Amino acid sequence: MNHKKIESLKKEFKKEAVADIDESDIKKVYEYIESGNEQKIKKAIEVAMSNSELQSSIEKRYLILVRARLNNPDATIEDLSKDILKKQERRTFQSKYISKTFISYSYMSDEQTKLIVDFIGAMVKNHLDIEEFISKAKETSNEDELKTLFDKYGSKLKEDIQNEVEKYKEGWYGEICCKLLDMELEKVMFEKTSFYEANKSLVLREYMFFLGMIAEDRLYMDIYQSDIPEFTEVFWMLKEIPKTNWGDTEPNFPELSLSYKRDGIMRIGDDGLWVYILDRYPTFEYHSEEILLCDDGDHERAIESYTKALEKKEDGRGYYGRGLTYLGWNYEKYKLASMDFEKAAMLGVDVSDGYYSIGTYLFNSDCYKEGARYLTKSIESRKNNESYYYRCLCNRNLGMNREALNDIDSAIEIGGEKLKYLSVKALLLNVLNECEGAISLFNRVIKMEPSVDCYWSRGRAYRKLGKYQKTIEDFTAAIELARNKRTISTLLVLRADAYKSLNDMDNVWKDLHCAVEKDPDNAAVYLDTIELYITTCEYAKGLEYIKEHEKEILENCAEHQKLIFLYLKATILITLNMSIESFKKDINTLSNKGMDLEWNFSHTNKWLVESYLSQGKKDEIAHLTEVLAGKKKGK
């Protein structure tokens, strides 16, 4: 038998050896796809094409990688019929070039570098919507918000990749993913590297996100005599901006697309000085050491070095750099930083960002008055939308709502109609009882991004206008979006109140029962239920309800709610000819504290006018109501 005949028989044997697959055995389907055997791959595709759920699972795992490898965004599952990663290509991920702490592209060809970028980027894109992340990143107003956002997306991404791996981790896909997830990346090195094709990868931005996510700390990238890698706009959105070292290669960075300034450091050659990429606060030679010390976290030595340099030569940029270093070391040193900013400003340096950093730190520390003062300094140095925005928030928390409204208008004028600006303005208009204007803005915000808070707030605006049906519709929409039990319970109570205004008592009782089931510790539910017993003249049932739940109400309620509870209890006891002397003193003591009771007395007042109680009882309850309602209005 000749050699060709033998090979032909071998092929026939291989074809016959491919067993059928049960479409419910997803591990076996994955095993066939990752087998490298063309017949097995075809068999797996055949099975998948007859089951939409299985097809969806396979596409989620492999299709983006196929599209990236083929440079074809329209490739389909049927293109899986070819081996996605050949044996030799798989070895690239197990080689010395990808270690626990580094990726080395040194001397790699276009095919090799694109392979790595394609796999990593596809693995990420399977679970991360990069457009959504970029859009959310552009809405952040400072680095802290961005870092929180990056951590949120990064944590979810790691979890999702791990869950996908668990479905079948014996093949090459699971092995490579596990190795990549286990990295603590410190360096990415390019030396005489061909990266032209990798720069055109369909998943380059996702690849950049992964590098930032898996980095142990600030990533170091060394580019020597290589094709210039395209970092993409994601570079500026990573949790920590990588340090870059450029040798015989022209530095190239993407445009910063955030609304605030971020900066990283770079140098030309191993012996070059470390300098800021965007020259945000321009450096001069003696700053190189300080920048490097700050980058390594040694702020104390950096400050000593700044101080020595400033003793030799006073310079506004040096004072500004030292001030920022104080903040980088510990924000509690903001007063020292502020002194340096003042000196820098006197020497002609724009210190707006420095004062902004202090102002936002104080805002986040609930020091609103002091925060507003520093944000004013930021605005005086250079008018900018984010300083106006945060001063608006400070003023809002100080109860200075008209001033806050002026600030948010300035933020919108400079920074445009961002979602968060419009949301805050709508809330302020609502607080200032400009309800029609608030509703108009909430309509726009909800079209942009529906949320629990927006529906809740618009519902409150409708409630103020007496449009209870629309109030109910908005609270219903908020309930459907809400995930937190306390939030849902509170919204049910508010919706019950709106139903009460429409005399729809069946839905009032239904919502209150649902509210207590959702969150038995929500004191507001019990208070509304007691009030309902009063306004429906079921006083004896109300008293039974109080006796049954009094202990848990008092254990879970805030101080202002305790006063409302005692008021409602007193109202029921008076209607039943029972004494309130035992706790009348408690009512007077609490009412004298001038708390905001957050309670609507209109239902009680209406009931009192329409009830058949004796005039003496009415007068006694009216007196209590007047005392509490007076405190509510701040009298």
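The values are calculated or read from the model by the stated rules, or taken from the named source; none is laboratory data. Remember, predicted model here, so these are calculated numbers, not experimental data. Heads up, the Cβs are rebuilt from the backbone with ideal geometry, glycines too, and the neighbour counts pull from every protein chain shown. With ligands, DNA and RNA removed, areas are computed over all heavy atoms of the protein, side chains included. Shrake-Rupley method; radii C 1.70, N 1.55, O 1.52, S 1.80 Å.
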Could you figure out which of (1) modelled with pLDDT of 95 or more; (2) charged (D, E, K, R); (3) farther than 30 Å from GLY348 by Cα; (4) crowded, with 18+ Cβ neighbours inside 10 Å isn't true of ARG402?
-> (4)
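Would you confirm, using the coordinates I've provided, whether TYR468 is without any contact (Cβ under 8 Å) to a residue 40 or more places away in the chain and under 30 Å from GLY542 (Cα atoms)? Lay out the reasoning, then the answer.
Details: without any contact (Cβ under 8 Å) to a residue 40 or more places away in the chain: yes; under 30 Å from GLY542 (Cα atoms): yes.
Judged against the criteria, TYR468 is a match.
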Small (Gly, Ala, Ser), surrounded by fewer than 16 Cβ atoms within 10 Å (Cβ to Cβ) and out of contact with any strand residue (DSSP E or B) (no Cβ under 8 Å at 6 or more places or on another chain) - does that describe any residue in segment 57-77?
-> no
When you go through (1) more than 36 Å from the chain's Cα centre (by Cα); (2) modelled with pLDDT under 90 one by one for SER106, which number turns out not to apply?
-> (2)
Has segment 139-156 got any residue that is under 17 Å from GLU216 (Cα atoms), among the basic types (Lys, Arg) and surrounded by fewer than 14 Cβ atoms within 10 Å (Cβ to Cβ)?
-> yes
State whether one or more residues within segment 476-490 are in contact with a helix residue (DSSP H, G or I) (Cβ under 9 Å, 6 or more places away or on another chain), under 28 Å from GLU538 (Cβ atoms), of a type outside the set (D, E, K, R) and open to solvent by 80 Å² or more (accessible area, probe 1.4 Å).
-> no
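Would a scan of segment 180-188 turn up a residue that is under 22 Å from ILE241 (Cα atoms), of a type in the set (A, V, I, L, M) and in contact with a His (Cβ under 6 Å, 6 or more places away or on another chain)?
Narrowing segment 180-188 to residues under 22 Å from ILE241 (Cα atoms): 180-188.
Checking the rest, the ones that are also of a type in the set (A, V, I, L, M) come to 180-181, 183, 185, 188.
Next cut, in contact with a His (Cβ under 6 Å, 6 or more places away or on another chain) only: none.
The answer is no; no qualifying residue exists.
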Output the qualifying pairs, or none if there are none: Cβ atoms under 7 angstrom, residues six or more apart or on different chains, first residue in segment 367-385 and farther than 22 Å from GLU139 by Cβ, second residue of a type in the set (S, T, N, Q) and open to solvent by less than 20 Å² (accessible area, probe 1.4 Å).
-> ALA372/ASN395; SER381/SER352
Counted residues, segment 169-202 - those being part of a loop (DSSP other than H, G, I, E, B) and either of a type in the set (Phe, Trp, Tyr) or free of Cβ contacts under 8 Å to residues at least 60 places away in the same chain (or both) | 3
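For residues in segment 203-217 being assigned to a strand (DSSP E or B) and in contact with a strand residue (DSSP E or B) (Cβ under 6 Å, 6 or more places away or on another chain), which is least open to solvent (accessible area, probe 1.4 Å)?
Taking segment 203-217 and keeping what is assigned to a strand (DSSP E or B), we get 215-217.
Retained after the next criterion (residues that are in contact with a strand residue (DSSP E or B) (Cβ under 6 Å, 6 or more places away or on another chain)): 215-216.
Working: ALA215: 21, GLU216: 112 Å².
Only one residue tops the list, namely ALA215.
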State whether the residues of segment 218-234 include one that is without any contact (Cβ under 8 Å) to a residue 24 or more places away in the chain and either over 29 Å from LEU70 (Cα atoms) or among the hydrophobic types (A, V, I, L, M, F, W, C) (or both).
-> yes
With respect to LYS569, determine if the residue is among the basic types (Lys, Arg), closer than 26 Å to HIS513 by Cα, open to solvent by 10 Å² or more (accessible area, probe 1.4 Å) and in contact with a helix residue (DSSP H, G or I) (Cβ under 7 Å, 6 or more places away or on another chain).
-> yes
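Does LYS333 meet the test of being among the basic types (Lys, Arg), closer than 19 Å to LEU375 by Cβ and open to solvent by 30 Å² or more (accessible area, probe 1.4 Å)?
Working: among the basic types (Lys, Arg): yes; closer than 19 Å to LEU375 by Cβ: yes; open to solvent by 30 Å² or more (accessible area, probe 1.4 Å): yes.
Here the answer is yes, as LYS333 does meet what is asked.
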